[in-house]
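**Q** Pasting a structure here, questions to come.
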Amino acid sequence: MATTVTEKLIAEHLVDGQMTVGEEIGIEIDQTLTQDATGTMVMLELEAMGLDRVQTELSAQYVDHNLLQVDYRNADDHYFLHSAARRFGLWYSRPGNGVSHAVHQERFGVPGKTLLGSDSHTPAAGSIGMLAIGAGGLEVAMAMAGRPFYFDMPKVWGIRLVGELPDWVSAKDVILELLRRHDVDGGVGRILEYFGPGLSELSAMDRHVIANMGTELGATTSVFPCDEEARRFLERNGRGDQWRQLRADQGAEYDVVDEIDLGELEPLIAMPSSPGNVTPVREVAGETIHQSYVGSSANPGYRDLAVVARIVEDKKIDPAVSLDINPASRQVLENLTCDGFLLSLLKSGARLHQAGCNGCIGMGQAPATDTISLRTVPRNFPDRSGTKEDKVCLVSPETAAASALTGQITDPRDLEMAYPDVCEPDEIIIHTDLIEAPPSPEESATVELRKGPNIMTLPEFEGPPQRMSLPILLKVGDDISTDEILRGGAQVLPYRSNIEAISEFCFDVIDDTYHRRALKVRDQGGHIVVGGKNYGQGSSREHAVLAPRFLGLRVVIAMSYARIHRENLVNFGILPLRLEERQDYERLSSGDRLSVDEIDLALDKGTPPKVTTEDGRTLAVTYDLSPRQREIIAAGGLINWVGRKI
């Protein structure tokens with residue numbers, strides 16, 4: 001039977017279940033990726049499980065998100081993560097070495113392997129033929145302990161690429177076109193697999209851009225075949241022996257098919273405040289900007305920065321614009337320096353930042369109030385930049401550079417210059433100095449975890465009672481992101497190892513009274529949050545579940561859920577119910593009290609619990625949970641469930 005690349009990858013790693021769309025399956029995980037914003041919790045979870053050493057082929061811990069050290073907290077966490085990497089047997093990428101996704105692809109990505117990461121943009125590794133999936137930190141910790149990763153078998157969405165990219169159009173415009181067509185939930189329950197003659201137009205790092213932002217469609221992951229472009233990437237990075245050909249069989253069928261003619265694309269822009277709010281650049285050209293930001297995990301390659309250097313070469317950026325250069329890896333930065341591109345950027349007036357996530361996660365580089373910031377980052381959710389009244393737009397490096405020169409949103413095709421087509425050289429500097437290999441098992445056994453005063457023990461949670469009568473503390477709309485549930489940024493993320501402290505920021509983007517009100521009812525049984533469709537989109541950070549759970553969140557009722565967030569709710573014992581009727585959502589209000597009955601029967605038999613309003617009206621709810629997930633909720637969370645199994 002002819003199979004897709006996705007089906008080949010899953011079949012090679014399947015350890016539980018059948019590959020039937022919608023059925024829960026378990027796969028073996030070869031590699032894991034953790035970063036500092038989520039990795040501290042993962043390491044505390046490994047400690048809580050009593051793990052001696054990771055059981056994967058390779059696990060890597062990156063320090064890329066929280067690089068600002070305004071006090072002891074971030075520095076203490078870095079120290080803790082270094083000790084944990086040595087204790088549990090992980091590779092350790094030091095601060096300043098770069099963004100996890102870019103560095104992992106350079107150093108560790110292997111075609112045909114599975115990768116589970118506690119970062120929602122882990123699917124970027126699909127660019128070289130990996131099955132790379134983002135997940136909550138607790139699930140990654142379980143994979144590090146040798147347990148399978150469970151998820152519902154997705155549909156395989158084939159994206160056929162034809163034609164050639166025009167000048168001034170690049171990989172960012174390809175993924176923005178998909179977001180323009182399908183919005184931020186168009187990929188939910190699907191794996192995107194790219195095929196067709198247009199693939200020859202895209203380098204491995206171009207594919208990284210597209211696979212990275214497939215996450216913004218809500219997709220489980222994105223997959224590219226492993227072909228000659230992937231071989232060139234691996235050989236360039238000194239790892240050509242790890243290449244293997246991996247492509248769909250002739251005649252393989254996809255569950256859904258879409259086609260993009262690359263030759264018909266034009267420069268696109270996602271306007272505030274959603275990656276799905278996409279329009280042609282020409283339709284909004286002329287609006288004044290005050291920041292243009294190039295780099296991040298979504299445009300991490302040598303070419304992405306080199307093409308900007310060529311555009312601004314021997315020119316000056318508009319004096320009212322801050323052109324922020326955000327290299328994604330130390331290796332790329334060294335090669336740009338060697339080839340002279342860095343000097344062109346600096347002479348134009350650009351500002352150079354260290355290799356890391358930085359402004360993408362709101363750690364510095366925040367824009368001025370109520371001003372337009374063009375960025376090549378993957379997301380523009382409200383307040384994610386660190387500025388509450390931000391106007392972040394997502395664009396290609398070409399559009400960002402052209403606009404930095406003119407001081408306004410500019411279609412790069414309007415520049416009076418030839419397109420500076422840039423390719424990465426075959427011979428490059430390979431940087432490995434800031435990556436530390438794990439010690440031997442014998443040495444690891446002697447390492448003590450180094451915890452600063454801000455690193456706290458994980459809270460313990462109990463399973464739900466048979467019946468709960470709870471107030472709706474908050475009702476939110478559609479497409480609420482984890483950045484709105486618990487934002488990132490320099491004020492919040494330093495508390496990532498302290499759940500009690502970070503809980504003070506829960507939902508403060510939407511309602512800054514939530515924390516105070518939640519504490520009032522926590523000892524009375526807790527509360528409910530009601531959401532619209534695609535609740536919990538965006539980042540995989542489990543703090544957006546852990547902190548509300550600490551404040552007494554017991555039930556979420558929404559029209560639909562983003563995959564990772566729903567699994568995080570399950571993993572910490574919160575019941576994720578799904579409303580079947582939109583009119584029920586419309587009738588509910590903050591302050592209403594709901595009764596949730598027959599919970600024990602529901603978790604045992606798989607029937608939905610009975611949910612009624614104060615006036616006796618029954619809500620039509622379901623929950624689409626597997627027997628395994630129901631057991632986890634009944635136990636009060638995944639840690640408790642695993643403990644009972646052991």
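No value in this document is a laboratory result; all are computed from the given coordinates. All values derive from a computational prediction rather than experimental measurement. Ideal geometry is used to build each Cβ from the backbone, glycine not excepted, and the neighbour counts take in all protein chains shown.
**Q** If packing is taken as the average count of other Cβ atoms within 10 Å, what order do 384-391, 512-519 fall into, highest mean first?
**A** Those peptides, ordered most packed to least, come out 384-391, 512-519.
**Q** Also, I was wondering about something else. Give the angle, between 0 and 90 degrees and rounded to the nearest 10, that separates the Cα long axis of helix 302-312 from the longest principal axis of the Cα atoms of the chain.
**A** The two axes meet at around 50 degrees.
**Q** Related question: Within 10 Å of each residue's Cβ, count the other Cβ atoms and sort Thr3, Thr40 from fewest upward.
**A** Lowest count first: Thr3, Thr40.
**Q** Suppose a student asked you for the relative contact order of the chain, using Cα pairs under 8 Å spaced at least 6 residues apart; what percent would you report?
**A** Taking the mean separation of contacting Cα pairs over the length of the chain, I get 14 percent.
**Q** Taking the beta-carbon count within 10 Å as an exposure proxy, list Met363, Met271, Met144, Met19 from fewest neighbours to most.
**A** Met19, Met271, Met363, Met144
**Q** For Arg180, Arg644, which order do you get if you count the other beta carbons within 10 Å of each Cβ and list the fewest first?
**A** Sorted ascending by nearby Cβ count, the order is Arg644, Arg180.
**Q** Within 12 Å, Cβ to Cβ, of Gln466, how many net charges do the neighbouring residues add up to if Lys/Arg are +1 and Asp/Glu are -1?
**A** Result for the neighbourhood of Gln466: -2.
**Q** May I pose another question? What does the charge count around Ile429 come to, taking other residues whose C-beta lies under 12 Å from its C-beta (Lys +1, Arg +1, Asp -1, Glu -1)?
**A** -4
**Q** Using the charge dipole of the chain (Lys, Arg: +1 at Cβ; Asp, Glu: -1 at Cβ; taken about the Cα centre), state which of Ala602, Gln250, Leu405 has its Cα farthest towards the positive end.
**A** It is Ala602, whose Cα lies furthest towards the positive end.
**Q** Using just the C-alpha positions of the range 468-645 as equal point scatterers, what log10 of I(q)/I(0) does the Debye formula give at each q in 0.15 1/Å?
**A** -0.81
**Q** Still on this structure, I have one more. Can you compute the charge dipole magnitude of the chain about its Cα centre, using +1 on each Lys and Arg Cβ and -1 on each Asp and Glu Cβ, nothing else charged? Give it in debye, rounded to the nearest 20.
**A** The calculation lands at about 1480 debye.
**Q** Report, to one decimal in Å, the Kirkwood hydrodynamic radius for the range 5-264 based on all distinct Cα pairs.
**A** Kirkwood hydrodynamic radius for the range 5-264: 18.7 Å.
**Q** Based on alpha-carbon positions alone, could you give the equivalent ellipsoid semi-axes of the chain from the gyration tensor, as √(5λ), descending, whole Å?
**A** The answer is 37, 27, 26 Å, longest axis first.
**Q** Related question: Suppose R0 equals 45 Å; then what is the FRET efficiency for Asp370 and Arg53 from their Cβ-Cβ distance, rounded to the nearest 0.05?
**A** 0.30
**Q** Taking the 0 to 90 degree range and rounding to the nearest ten, how far is the long axis of helix 36-49 tilted relative to the main principal axis of the chain, both from C-alpha atoms?
**A** 40 degrees
**Q** Quick check on the range 104-191: take the gyration tensor over C-alpha atoms, sort the square-rooted eigenvalues as a ≥ b ≥ c, and tell me if it's rounded (a/c under 1.5), prolate or oblate.
**A** Prolate, since a/c reaches 1.5 and a/b exceeds b/c.
**Q** For the range 268-414, compute Rh as the Kirkwood radius over C-alpha pairs and then the Stokes-Einstein diffusion coefficient at 4 °C and 1.567 mPa s; write the answer in µm²/s, rounded to an integer.
**A** Calculated translational D: 88 µm²/s.
**Q** From the Cα gyration tensor of the range 344-503, with a ≥ b ≥ c the square roots of its eigenvalues, which class applies: rounded if a/c is under 1.5, or else prolate if a/b is larger than b/c, or else oblate?
**A** Oblate.
**Q** To test your reading of the geometry: what angle, between 0 and 90 degrees and rounded to tens, separates the Cα axis of helix 204-213 from the longest principal axis of the chain?
**A** Tilt relative to the chain: about 30 degrees.
**Q** Which shape class applies to the range 239-339: rounded if a/c is under 1.5, otherwise prolate when a/b exceeds b/c and oblate if not, where a ≥ b ≥ c are the square roots of the Cα gyration tensor eigenvalues?
**A** Oblate is the answer for the range 239-339, as a/c is 1.5 or above yet b/c matches or exceeds a/b.
**Q** For the range 453-486 and the range 303-363, what is the centre-to-centre distance using only Cα atoms, to the nearest Å?
**A** What the calculation gives is 40 Å, centre to centre.
**Q** So what's the net charge close to Gly359: Lys and Arg +1, Asp and Glu -1, counting the other residues with Cβ under 9 Å from its Cβ?
**A** Neighbourhood net charge equals 0.
**Q** Continuing with this model, one more query. I'd like to compare 333-340, 469-476: which one has the highest average count of other Cβ atoms within 10 Å, and what's the full order after that?
**A** Ranked from most to least packed, the peptides come out as 469-476, 333-340.
**Q** I need the per residue convex hull volume for the range 83-145, using only the alpha carbons, in cubic angstrom as a whole number.
**A** Value for the range 83-145: 90 Å³ per residue.
**Q** Check each of the trypsin sites (Lys or Arg not before Pro) in the range 548-627 and keep only those in coil by DSSP with at most 12 other C-beta atoms within 10 angstrom; list them in order.
**A** Sites meeting the loop and neighbour criteria: Arg617.
**Q** Now for a separate question. Can you list residues whose amide H is under 5 Å from Phe507's amide H, if they're 5+ apart or on another chain and H is modeled 1.01 Å from N?
**A** Under 5 Å from the amide H of Phe507: Leu486, Arg487.
**Q** Further question on the same structure: Apply 1/(1 + (r/R0)^6) to the Cβ-Cβ distance of Asp624 and Ser440, taking R0 = 30 Å, and write down the FRET efficiency to the nearest 0.05.
**A** Between Asp624 and Ser440 the formula returns 0.10.
**Q** Whole angstrom only: what separates the Cα centroid of the range 40-110 from the Cα centroid of the range 136-211?
**A** 25 Å
**Q** Out of the range 560-616, which GluC sites (Glu not before Pro) are coil in DSSP terms and have no more than 14 other C-beta atoms within 10 Å?
**A** The qualifying sites are Glu580, Glu581, Glu614.
**Q** Next question, about the same structure. Per 0.36 nm of contour for each residue apart, how much would the distance between Ser589 and Thr288 grow if the chain were fully extended, relative to their Cα-Cα spacing?
**A** 104.4 nm
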